[in-house]
1. Neighbour counts of other C-beta atoms within 10 Å: give me Ser36, Ser75 arranged from fewest to most.
2. How far apart, in nm, are the 7 Å Cα→Cβ label points at Gln38 and Glu66?
3. With a 10 Å Cβ neighbour count serving as the proxy for reagent exposure, in which order, fewest first, do Asp60, Asp21 appear?
4. Quick check on the exposure proxy: order His47, His95 from fewest to most C-beta atoms within 10 angstrom.
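We did not get these values from a lab; they are worked out from the coordinates using the rules stated. Please read all numbers here as calculations on a predicted model, not as lab measurements. FYI the Cβ positions are ideal-geometry reconstructions off the backbone, even for glycines, and counts take in every protein chain you see.
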Amino acid sequence: MEVSKKCNKPELSAGTLPRPDRTGCPPVEEVTMAASTQSVHGALREHLNECRHCFEEYRDAQKKLEYDQFFRRSSWGLYFVLFAIACHLIIKSCHAHG
Ligand SMILES: [Zn+2]
């Protein structure tokens, strides 16, 4: 039975420093804003590279934005299809009644 397990550090691509108390973190709004404008600059960029919490917030915000955009686009497509079907049915019923 394997008892002695060497320290298994998880491989982190970003934010290798755990900051449970999140001291020195920018406000969440700033991170979310950066994700929406897709421009991370200067200090915030550096912070995202070293703070896993903020990096995850940034990534989550980006994912959410992408999802929102996709959903909005597909719902417009759905409205268009429904509109087309409605028009088709109206025209068809007009023709049917002569
Ligand atoms: Zn942070």
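1. Taking fewest neighbouring Cβ atoms as first place, the list is Ser75, Ser36.
2. 1.1
3. The most exposed by this proxy come first: Asp21, Asp60.
4. Placing the least packed residue first, the sequence is His95, His47.
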